[in-house]
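Q: I am attaching a structure below and will ask some questions about it afterwards.
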Amino acid sequence: MREIVLDTETTGFDPESGDRIVEIGAVELWNHVATGETYHVYINPERSMPEEAFGVHGIGPDLLDNPRPPEKGEVTLKDKPVFAKVGQGFLDFVRDSKLVIHNASFDMKFLNAELKWMGLPQIPMDQALDTLAIARKRFPGSPASLDALCRRFNIDNTNRVLHGALLDSEILAEVYLELTGGRQPDFGLSTAASSAAGGADNWRPTARPTPLASKITDEERAAHEAFVEKLGENALWTRA
């Protein structure tokens, strides 16, 4: 089962008011195990970023009318591609996989607005899985922000000084696994299984082409036979 853990960063709260996506980060999971495949892109929103967003997103103010020079570690956007240049590539990455998103309605609203403006297919809302809703159902009345869930599950988010989309999606992947029982359902064996079967979900182990050599010594075998003989003809080992 392929899932994509996803996060976006935006210029504001409402695409219908002119706000745009400035960053998308996504992490691929296969049977609840990270594959190492990621998607990450910065996007030129073709509008100014609010001043208060710079310290949050780590994005420089190069699109303001009177920009200050970007500080160390800040990303500038005016040389990044517009969404029209990356939209199809994004769809090609996510395909029809389930999208794991914290507060899914927010990100889906922006993604589908951008896709609609491009004339590309929009993503059905039922393709998204909202970890915020899962957390609120599992821990009613408790804080359910990503930072709060990291504290609850002892997940290290000390690098989350800036709210970058890729880092947030990597952290969310860990939170999601904890919310759904971690890797315990398949004990982390799904990666090996998927690799052995070319990604098939119905993988089953096959017999060894060459049986393993016995490690039982002659003395151990003789002692076992003597023990079984004392148990009589109804012993399990003597049944046909």
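Read the figures in this text as sums done on the coordinates, not as results from a lab. Quick caveat, the model's predicted, so the values are computed rather than measured. Cβ coordinates were reconstructed from backbone atoms using ideal geometry, including for glycine residues, and neighbour counts include every protein chain displayed.
Q: For the range 93-128, state which trypsin sites (Lys or Arg not before Pro) are in a DSSP loop and have at most 16 other beta carbons lying within 10 Å of their beta carbon.
A: Those satisfying the criteria are Arg95.
Q: Just add up the charged neighbours of Asp19: K/R +1, D/E -1, any other residue whose Cβ is under 12 Å from the Cβ of Asp19.
A: Working: positive: Arg20, Arg47, Lys109; negative: Glu9, Asp14, Glu16, Glu46, Glu114.
The answer is -2.
Q: For Lys98, go through the lysines and keep the ones whose alpha-carbon is under 23 Å away, minus same-chain ones fewer than eight residues off.
A: Answer for Lys98, where 23 Å is the Cα cut-off: Lys109, Lys116, Lys137, listed by chain and number.
Q: Here's another thing I want to ask about it. Can you sort Thr210, Thr8, Thr76 by how many other beta carbons sit within 10 Å, fewest first? Could the numbers behind the result be given before it?
A: Details: Thr210 6, Thr8 22, Thr76 16.
The fewest-first ordering by Cβ neighbours comes to Thr210, Thr76, Thr8.
Q: Sticking with this structure for a sec: Sort Glu229, Glu114 by Cβ crowding within 10 Å, fewest neighbours at the top.
A: So the residues, fewest neighbours to most, are Glu229, Glu114.
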